[in-house]
Amino acid sequence: VSLVIITVFGGMTLIFHDETFIKWKPTVLYWSFAVALAGSTLFLKKNLMRTLLNEQFDLPEAVWQKLNWSWIGFFAVMGIVNLAVAFAFGFSTDTWVNFKLFGGMGLMFVFVLVQGLLLSKYIEEK
């Protein structure tokens, strides 16, 4: 999915000489992840976070649901934040690139760290 989005939006940026397309790419990617997680939960009744992490964690059903919805929310918010930095506040493209590289990674790191701390009480030492 990521390769397709990068190819399409990167290609459109090069073809049309318009950086707008490349600025939309992270949002489309984030929202694609959010839609995939939400769609699998709502329509297929399958929790993708459980599918991905079931071997690492033994969690109660309610925790799996909270974990899944927290990732959906995170990806949705990250898409909005990307659009805000790219277009709403009048930042330069250089500022957006720096945010995308460092700010996006920093927010992801903090989110994963918080998720790890919340899940740590469910980890049993063997």
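The values are calculated or read from the model by the stated rules, or taken from the named source; none is laboratory data. Computed from a predicted model, the values in this text were never measured in an experiment. Reconstructed Cβ throughout: ideal geometry from the backbone, glycine too, with neighbour counts over all protein chains shown. With ligands, DNA and RNA removed, areas are computed over all heavy atoms of the protein, side chains included. Shrake-Rupley method; radii C 1.70, N 1.55, O 1.52, S 1.80 Å.
The helices (runs of 4 or more DSSP H) falling completely within region 6-93 that include 2 or more residues that are open to solvent by less than 40 Å² (accessible area, probe 1.4 Å), under 26 Å from Val114 (Cβ atoms) and in contact (Cβ under 8 Å) with a residue 40 or more places away in the chain map to 20-42, 61-83. Do the conditions hold for Val8, that is, is it at pLDDT 95 or above and within 30 Å of Thr93 (Cβ to Cβ)? Against the criterion (at pLDDT 95 or above and within 30 Å of Thr93 (Cβ to Cβ)), Val8 does not qualify. Taken over region 102-126, residues that are open to solvent by less than 80 Å² (accessible area, probe 1.4 Å), hydrophobic (A, V, I, L, M, F, W, C) and either under 15 Å from Pro26 (Cα atoms) or touching a Gly at 6+ places or on another chain (Cβ under 9 Å) (or both) amount to 2.
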